[in-house]
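A short write-up of the structure that comes next.
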Amino acid sequence: MPAWLKDAVFYEIYPQSFKDTNGDGIGDLEGIIEKLNYVTSLGCNALWINPCFDSPFKDAGYDVRDYKKVAPRYGTNEDLYRLFDEAHKRGIHVLLDLVPGHTSEEHEWFLESKKAERNQYSDRYVWTKSAFQGIGGRPYIGGEADRDGCYMLNFFKCQPALNYGFLKRTEDWQMAPDEPACIETKEAMKDIMRFWLDKGCDGFRVDMADSLVKEDDENKSATGAIWKNIREMLDNEYPEAALISEWSNPVLALKYGFHADFYLDHHGNGYNTLIRDNETPGGDHSFLKKDGNGDIMRFLSDYLPKYDKTRNDGYISFITCNHDTPRARRTLGFDELKIAYAMFLTLPGVPFIYYGDEIGMRYIEDIHTKEGGYARTGTRTPMQWDNSANKGFSTAPADKLYLPVDPADDAPTVADQEKDPSSLLNTVKALTALRRSEPGLKADAEFEVIYAEKDEFPFVFKRGDLIISVNPSDKKASATLPRKMEKAYEIGNVQISDASLIMGPQSFCVLR
Ligand code: GLC
Ligand code: CA
């Protein structure tokens, strides 16, 4: 386990929308380098950069055409090496995004694999034996290649599935995961990882990590065996490199070698019940909405068993949101966001802040889709730095931007919020500073629920020697403390008298 993860607070950067330095309307690596001091000022000490590799960008870069080459629109490989260097000078670790399940349909491996003549890459992807023979139960394409066969897709049409084999095999074209061609796919991924790690990258966020071996068993044990093997490689060759999965099943992901797994907002799961539970009748049931319709037990009944089963193996990562989910601002106001982030940044595990969430950027409704974004596009608009043209994102004409900036008159900006002591941005800074200075808030520090009752507030938990209390509701709430304590940090009105804690509406505190 890389020790630095214990203190890490990540910042996720969607590179095309962060900062454009050459006026072409698209964010670039130079822009990230320019804003590293901002990342530091935010209290973040680690980055996850969404795919920045050569790509036709039909899925925003998750369709990789060349894993070892930076997309020219972002800069050069040298720029990325310089980014690693400049980040390291500031104590910032950098994760790249590894997409192991599929490539772009324009990747050289796939162009070879499509050929009628057999070659080194014929079995790099999943193919049936005839253009008329489809793939049961999974998306596939036929009739597009000289090769007589249909190929499997892993996500969009532009993303053919790499071949790691099938655990349960019912067709003669399905290979076992230990066939040489499948092993070669895995070795090719290791080669890509070594390439970037040798250049100074500090690890990977792994896209669709559970999607490798097809027709796997319930526990994804064949896919898991691949990750165990990759983790062994890292432990031997790059023990400080971090491996974080998009799996959304921390119990399995951590068992198979990931250091952390994201707690994603899948419908009805614990994260969903905290901030996005607005699809059932009776209003918004999210715990972190001030209406007070939420129930902390719905979160805890999902999270606690996962936490208990994984606490010795690694971390569960809370996110403010990511490039695939609506921004929390869609349903939460600034007052609610403060309490929500306070909770995410004090729970165990390694937290991630998505660029722009620290100032409460909006989810832009009704925006035209871009690069396969569809409903996700509203979460991917340019970072709002200041009140100059294009909110300081780019000097390009507004109609040449990657995506339009939030057109609202009150679109939040970094410059405005830096000046306002009570802004969301300054609240986030205070929280990251607290998190990084308190041993009790480290990723692996003890966590225990002290007070949580169905439909009641506050939610009180222990981290090391600290007690944390969260009252997102707009009503006063109180709790009994185990002993006399002092406030180390508060949001809203918090009173302590002897051993009772009185929490004003929408309040949060850390007690010592
Ligand atoms: C992951 C990424 C998403 C991408 C998909 C296919 O879910 O987060 O953005 O579209 O995988 O690679
Ligand atoms: Ca640019």
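The values are calculated or read from the model by the stated rules, or taken from the named source; none is laboratory data. None of the values given here were measured: they were computed from a predicted structure. Using ideal geometry, Cβ is built from the backbone for each residue, glycine included, and neighbour counts are taken over all protein chains shown. Ligands, DNA and RNA are excluded from the accessible area calculation, which covers all protein heavy atoms including side chains. Shrake-Rupley method; radii C 1.70, N 1.55, O 1.52, S 1.80 Å.
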For the range 151-156, what does the Karplus curve 6.51 cos²θ - 1.76 cosθ + 1.60, with θ = phi - 60°, yield as ³J(HN,Hα) per residue in whole Hz, taken in order and with x for Gly and Pro? 10, 7, 9, 9, 8, 7
Using amide H atoms built in the peptide plane, which far-off residues or other-chain residues are under 5 Å from residue 93 H to H? 46, 47
Using mean Cβ contacts within 10 Å as the protection proxy, how do 178-185, 20-27 order, highest first? 20-27, 178-185
Taking amide hydrogens as modeled 1.01 Å from N in the peptide plane, which residues meet the under 5 Å criterion relative to residue 262, leaving out close sequence neighbours? 245, 247, 248, 317
Just how large is the dipole of the range 102-163 about the Cα centre, in debye to the nearest 20, putting +1 at every Lys and Arg Cβ and -1 at every Asp and Glu Cβ? 220
Paramagnetic label zone (point 7 Å from Cα along Cα-to-C-beta, residue 34; backbone N under 19 Å) in the range 374-405: 381-405
With labels modelled as points extended 7 Å from the Cα through the Cβ direction, what inter-label distance (nm, one decimal) is found for residue 7 paired with residue 498? 4.1
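Summarise the accessible area of the range 102-163 (1.4 Å probe, protein heavy atoms) by the percent that is carbon and sulfur. Each step should come with its number before you reach the end.
Details: 1390 of 2920 Å².
That share works out to 48 percent.
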Taking a crude spin-label model, label points 7 Å out from Cα along the C-beta direction, the residue 437 to residue 146 distance in nm is 6.7
Take the alpha carbon atoms of the range 272-340, find their radius of gyration, then divide it by 2.2 N^0.38 Å using N residues; give the quotient. 1.20
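Once you have a ≥ b ≥ c as the square roots of the Cα gyration tensor eigenvalues for the range 77-190, tell me rounded if a/c is under 1.5, and otherwise prolate or oblate according to whether a/b is larger than b/c. Could the numbers behind the result be given before it?
Working: a/c = 2.53, a/b = 2.17, b/c = 1.17.
It comes out prolate by the Cα gyration axes.
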With T = 25 °C, eta = 0.890 mPa s and Kirkwood Rh from C-alpha pairs, the Stokes-Einstein D of the range 446-511 in µm²/s is about 213
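First select every other residue whose beta carbon is under 9 angstrom from the beta carbon of residue 287; then total the charges, Lys and Arg +1, Asp and Glu -1. Before the final figure, lay out each step's value.
On the way: positive: 289, 298; negative: 277, 295.
My count for the surroundings of residue 287 gives 0.
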The range 168-180 - phi-based ³J(HN,Hα) in whole Hz, Karplus 6.51/-1.76/1.60, Gly and Pro as x: 9, 10, 10, 10, 6, 7, 7, 9, 7, x, 9, 5, x
Can you give the relative contact order of the chain as a percent, counting alpha carbon pairs under 8 Å and 6+ residues apart? 14
Using unit Cβ charges (K, R positive; D, E negative) and no other charged atoms, how large, in debye to the nearest 20, is the dipole of the range 8-93 about its Cα centre? 180
Tell me the volume per residue, in Å³, of the convex hull enclosing the alpha carbons of the range 102-163. 67
So how do 374-380, 135-141, 338-344 stack up, highest first, on mean other-Cβ count within 10 Å? 338-344, 374-380, 135-141
Considering only protein heavy atoms, what per residue accessible area in square angstrom results for the chain with a 1.4 angstrom probe? 38
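Between residue 389 and residue 187, what length comes free when the chain is fully extended (0.36 nm per residue of separation minus the Cα-Cα distance, one decimal in nm)?
Details: separation 202, 0.36 × 202 = 72.72 nm, distance 4.70 nm.
Gain on extension, residue 389 to residue 187, equals 68.0 nm.
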How would you rank 210-222, 401-413, highest first, on the average number of other Cβ atoms within 10 Å across their residues? 210-222, 401-413
Listed by chain and number, the residues whose amide H is under 5 Å from that of residue 478, excluding neighbours fewer than 5 places away on the same chain and using placed H, are 503
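Over the range 314-435, with every protein chain in place, what whole percent of the accessible area is carbon and sulfur at 1.4 Å, could you tell me? List each step's numbers first, then the result.
Values: 2080 of 3910 Å².
The value for the range 314-435 is 53 percent carbon and sulfur by accessible area.
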Here the gain from full extension of residue 173 to residue 483, 0.36 nm per residue of separation minus their alpha-carbon distance, amounts to 105.0 nm
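Quick one: if the Förster radius is 30 Å, what FRET efficiency do residue 369 and residue 446 give, using the C-beta to C-beta distance and rounding to 0.05?
On the way: r = 45 Å, r/R0 = 1.50.
According to the calculation, E is roughly 0.10.
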Taking Cα atoms of the chain, Rg/Rh with Kirkwood Rh, to two decimals? 0.98
